[in-house]
Amino acid sequence: MTIRKRLTLRFTGLVSSILLLAFVSIYAFCWYFISSDFYRRLDRKASTTGDMLIRHRLDAQLIRQLNRIRKDQLPNQNIIVFDNRDSIILCTNESRLLPIPKAVLASIRKNKRKDFQQNGYYLSGIRFMTASGQFVVVASAENTYGDEFLRRLLWALTGLFCLIAGITAFSGWFFAGDALRPMQQIDQTVSAIFPRNRDERLVVGREDDEISRLSITINRLLDRVTESFRLQRMFVANVSHELKNPLTQISSQLEVSLLNQREPEAYQQTIRSVLDDVEELTTLTHELLQLSKVNQDDAIGLMTDAVRLDEIAWDIREQITASNPHYVVNVELGALPEDPDQLTVQGNKTLLESALKNLAENACKFSDNGQALIQVDFGQDIVHIQIQNTGQPIPTADLPYIFEPFYRSRQTADVRGYGVGLSLVERIIRLHGGQVGVTSIAGQPTVFHVELPR
């Protein structure tokens, strides 16, 4: 069932319930008022007849004549008087004589009076106490005008209820459609965006309502999806390019080796060259696996270590110096807190070490003198890390893209690498709830800033 139908049904049901309650209350009030008024009239007639017959001892025939000539007679009116043995001593209209059960007469004697209906007649009974016993006077009549009024009122209320319910259903259907029209436009626009026009966005209204906020959220989602498509295309293109070169070299060298019979030394040289290309492929595959691992949702389960960043800084210095004697890494630690626990952050030691080592190696690689400086400051809630070098500044046009996978600027085109390192760094730092940025201005050191929450 569509939302429009659901809203229409709920709106119609709510209004119909309120209307039904109001109409039932009106009908019940009218029925109670008309019935009570008619019973009071019957009660007065029964009381008047009882006073004349029992207390004033008027002749029964005279009472019948008085009842016949009175102008306030009710439709099919009849008054019956019973003695203490339940025998009829007076009946003003024998053609309309109703059999009154003895149980009803006993109830009237017990309760002094009783109003009830029987065979379409309204009856009101009263008890009279005398020295000779208990008498019961029962007045009966048809409430012709009251019942007819109630029937017409019932038909009128029923017809009015159906009419208003129909109008409500139509209005609910119209207003629900009008309220959901922006949603239909959003559905049509989003359906038309993919795959034909990814640059199109939803129109955001001026009103600060739910539809506008939903449109803004969907536009942001579309921006992220478009960016993901762009990164995916760039990723595939770069990976294809990086894989194509070593594979082509391997294939070419092997084909050349098979053309003619050669000396063993030539084959050994070809094998060593192929092994270098295979090592390149292995390194690239390893970096891609690392990038994929950090990208997984369950990588949160790796964040179980209490990592001391001062120790990591010194370890990175030793590792880089050992792997390349031409590189020099200097470490500067800020004011150390008295509590050793404030030197640590919650995370994964291997990943953090890999990220900071990558930044330090890049700093040495692109430095004029092969030196890099690691500065660590321990704040109360955040640990600040800066890794800087004095090499050529990063071009301003490249700064927004250096953390994207496989992005390589013209400045780094001649440097061995795959463009995966900084993307891996950014994802590792983000995985730890931190931030990484870069400042690179001509004439000043290039500084990578890392902030990790403790």
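Data for the structure
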{"item": "Exclusive hit being surrounded by fewer than 18 Cβ atoms within 10 Å (Cβ to Cβ) and at pLDDT 85 or above, set D83, D72", "result": "D83"}
{"item": "Residue satisfying all of: in the stretch 86-118; of a type in the set (V, I, T) and buried (at least 18 other Cβ atoms within 10 Å of the Cβ); nearest to the chain's Cα centre (by Cα) among these", "result": "I108"}
{"item": "Lone unmet requirement of (1) among the hydrophobic types (A, V, I, L, M, F, W, C); (2) part of a helix (DSSP H, G or I); (3) modelled with pLDDT under 80 for A355", "result": "(3)"}
{"item": "Residues that are of a type in the set (D, E, K, R), at pLDDT 75 or above and either within 42 Å of the chain's Cα centre (by Cα) or part of a helix (DSSP H, G or I) (or both), drawn from the stretch 229-272", "result": "E255, E265, R272"}
{"item": "Residue match in the stretch 19-27 (condition: farther than 30 Å from A141 by Cα, touching a residue at least 40 places away in the same chain (Cβ under 8 Å), in a helix (DSSP H, G or I) and in the same structural domain as Q61 (by TED's automatic domain parsing))", "result": "yes"}
{"item": "Selection status of L373, among the hydrophobic types (A, V, I, L, M, F, W, C) and not in a strand (DSSP E or B)", "result": "no"}
{"item": "Residue check, F170 over 23 Å from D72 (Cβ atoms) and not in a strand (DSSP E or B)", "result": "yes"}
{"item": "Residues of the stretch 9-40 classified as among the basic types (K, R) and at pLDDT 90 or above, total", "result": "1"}
{"item": "Where a residue in the stretch 418-435 is in a strand (DSSP E or B) and its partner, wherever it lies, is at pLDDT 80 or above and surrounded by fewer than 20 Cβ atoms within 10 Å (Cβ to Cβ), with Cβ under 9 Å and at least six apart", "result": "Q435/H449; Q435/E451"}
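Residue-wise test of (1) more than 22 Å from G434 (Cα to Cα); (2) of a type in the set (A, V, I, L, M, F, W, C); (3) out of contact with any helix residue (DSSP H, G or I) (no Cβ under 8 Å at 6 or more places or on another chain).
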site: I312; (1), (2), (3): no, yes, no
site: E318; (1), (2), (3): yes, no, yes
site: N324; (1), (2), (3): yes, no, no
site: L333; (1), (2), (3): no, yes, no
site: G379; (1), (2), (3): no, no, yes
site: T390; (1), (2), (3): yes, no, yes
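The values are calculated or read from the model by the stated rules, or taken from the named source; none is laboratory data. Because the structure is predicted, anything quoted here is derived from the model rather than measured. Note that we place each Cβ from the backbone using ideal geometry, even for glycine, and neighbour counts take in every protein chain shown.
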